[in-house]
Amino acid sequence: MDVVDPTVFRLAIFVLAIFVGYYVVWSVTPALHTPLMAVTNAISSVIIVGALLAAAATASGGGSSAWISKGAGAVASGLAAVNIFGGFLVTQRMLAMYRKKEKAPAKDGGK
């Protein structure tokens, strides 16, 4: 029996995760969107910690692998920061939809 190449196996898992994620995200009701955005922001903050660790990492052999990890960490921290900022903007906008609107005063002076 042949063994499946680990790269093909990981790629298959990645593709399945894309399909599952797509169907999960599009089936979320609007009432659950705001709490899910808050969880996504928390996950992105954990990603920033890992990205900063990768950016600060030094490879044992030095050379180009250290620059690759530093560059990947810098790109990951930048993208996660954009994700967190956008998540907070969307969360604020969603919460604004649930606020009661104040009644505007009558223009004719109450006549």
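None of the figures in this text is laboratory data; all of them are computed from the coordinates on show. What you see is a predicted model, and the numbers here were worked out from it, not measured in a lab.
Residue separation times 0.36 nm, minus the C-alpha to C-alpha distance between LYS103 and ALA38: what's the value?
Length gained between LYS103 and ALA38: 20.4 nm.
Relative contact order for the chain using alpha-carbon pairs under 8 Å, separation at least 6, rounded to a whole percent?
Values: 58 pairs, mean separation 30.4, N = 111.
Normalised by residue count, the contact order of the chain is 27 percent.
Taking Cα centroids, how far is the stretch 4-40 from the stretch 62-86 in Å?
Between the Cα centre of the stretch 4-40 and that of the stretch 62-86, the gap is 22 Å.
How much mean residue ellipticity at 222 nm does the chain get from its helices, if each DSSP H run of length 4 or more adds -39500 (n - 2.57) and you divide by all residues, to the nearest 500 deg cm²/dmol?
That calculation yields -26500 deg cm²/dmol at 222 nm.
Mind checking the full-extension length gain between VAL90 and VAL25? Use 0.36 nm per residue of separation minus the Cα-Cα distance, one decimal, nm.
Computed gain between VAL90 and VAL25 is 21.9 nm.
For helix 64-97, report the angle its Cα long axis makes with the longest principal axis of the Cα atoms of the chain; keep it between 0 and 90° and round to the nearest 10°.
20
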